[in-house]
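Enquirer: One structure, as structure tokens, below. Some questions next.
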Amino acid sequence: MYYEQTGFDARFEWGIDGVQRLAPLSDVMVIVDVLSFSTAVDIAVGRGARVLPYRWRDGGAHEYARGAGALLAGGKRHPTPDEPYTLSPSSLLTIPHGTLLVLPSPNGSTLAQTAAELGPVVLTGCLRNASAVAAAARSVGGVVTIIAAGERWDDGDALRPSWEDLIGAGAILRALAAAAPSPEALAAIAAFDSAAANLPDLLHDCASGRELVERGFGNDVALAAELDVSRAVPVLSDRTFIDRQPR
């Protein structure tokens, strides 16, 4: 119970272990995977699409998409005529309203699915929709836990805490303005405050940003660095992220 941040109404943790420990104690859990799952979902649902999270793009993903009557996102970030939608947020800027898309992601999708199985309302948030997601979480009330997805080290499955997810979590926690944030949550807020004036450059220069830029996805980093440009609130309902923004 030392790790549960008991007594605080806003909590912050990392990765799958954080989800498994804190989801049963939370009324709302927000998954933050800035580069790129959360940003991709924000853009897709903001255009009226629906997103089915799935861990790996494997044979199971193909079967899942067929059974749901959905499109399956491409396996590579670069879109093609046959697979125009991928985990690249840029590829989703023109996704049609009403599209049902299976979006594999070993980080964001996995955390969202696991959280949903453990009971809380599950949202996904990023810098683009930080204030909108915070407002939605606040409207539910109770204990709100923000989970930074993090990345994986190239040589294994160990969690690499990532700058962009720490900052994204801090942006949502800052907007949440909880009455009693945990010390962990306060640290994430402080990290965001230190970066808020220079988000595009810092996101471009962090490890994950440099990787994407080098691979030709600089526009994805630019999209992810836009703060509070979206009112989309992706809520996981019946295994599907839909937009539940206030009307």
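Enquirer: With the requirement that a residue be farther than 22 Å from Val221 by Cβ and among the β-branched types (Val, Ile, Thr), what does the range 71-115 give you?
Expert: Thr99, Val102, Thr110, Thr114
Enquirer: List the number of the failed condition for Val213; all other conditions in (1) touching a residue at least 60 places away in the same chain (Cβ under 8 Å); (2) closer than 14 Å to Ser36 by Cβ hold.
Expert: (1)
Enquirer: Sticking with this one: Please determine whether any residue of the range 138-158 is among the aliphatic types (A, V, I, L, M), part of a helix (DSSP H, G or I) and either buried (at least 20 other Cβ atoms within 10 Å of the Cβ) or without any contact (Cβ under 8 Å) to a residue 24 or more places away in the chain (or both).
Expert: no
Enquirer: While we're looking at this one, here's another question. Within the range 202-247, track down each residue that is among the small types (Gly, Ala, Ser) and closer than 29 Å to Trp153 by Cβ.
Expert: Ala207, Ser208, Gly209, Gly216, Gly218, Ala222, Ala224, Ala225
Enquirer: Also, I was wondering about something else. Where residues in the range 90-110 are over 12 Å from the mean Cα position of the chain (by Cα) and in a helix (DSSP H, G or I), which of them is nearest to Lys76 (Cα to Cα)?
Expert: It comes out as Ser91.
Enquirer: Within the bounds of the range 116-132, is there any residue that is crowded, with 24+ Cβ neighbours inside 10 Å, within 20 Å of Val235 (Cα to Cα) and out of contact with any Asp or Glu (no Cβ under 9 Å at 6 or more places or on another chain)?
Expert: Yes, the range 116-132 contains a residue that is crowded, with 24+ Cβ neighbours inside 10 Å, within 20 Å of Val235 (Cα to Cα) and out of contact with any Asp or Glu (no Cβ under 9 Å at 6 or more places or on another chain).
Enquirer: Also, I was wondering about something else. How many residues does the range 1-54 contain that are of a type in the set (Ser, Thr, Tyr), surrounded by fewer than 20 Cβ atoms within 10 Å (Cβ to Cβ) and modelled with pLDDT of 95 or more?
Expert: 1
Enquirer: In addition: Out of Val213, Val221, report the one residue that is assigned to a helix (DSSP H, G or I), under 15 Å from the mean Cα position of the chain (by Cα) and over 27 Å from Ala116 (Cα atoms).
Expert: Of Val213, Val221, the one residue that is assigned to a helix (DSSP H, G or I), under 15 Å from the mean Cα position of the chain (by Cα) and over 27 Å from Ala116 (Cα atoms) is Val221.
Enquirer: Hey, can you tell me all the residues within the range 161-201 that are under 10 Å from Ala148 (Cβ atoms) and outside any helix (DSSP H, G or I)?
Expert: Selection gives Pro161, Ser162.
The values are calculated or read from the model by the stated rules, or taken from the named source; none is laboratory data. Keep in mind that what you see is a predicted model, and the values were worked out from it rather than measured. Ideal geometry is used to build each Cβ from the backbone, glycine not excepted, and the neighbour counts take in all protein chains shown.
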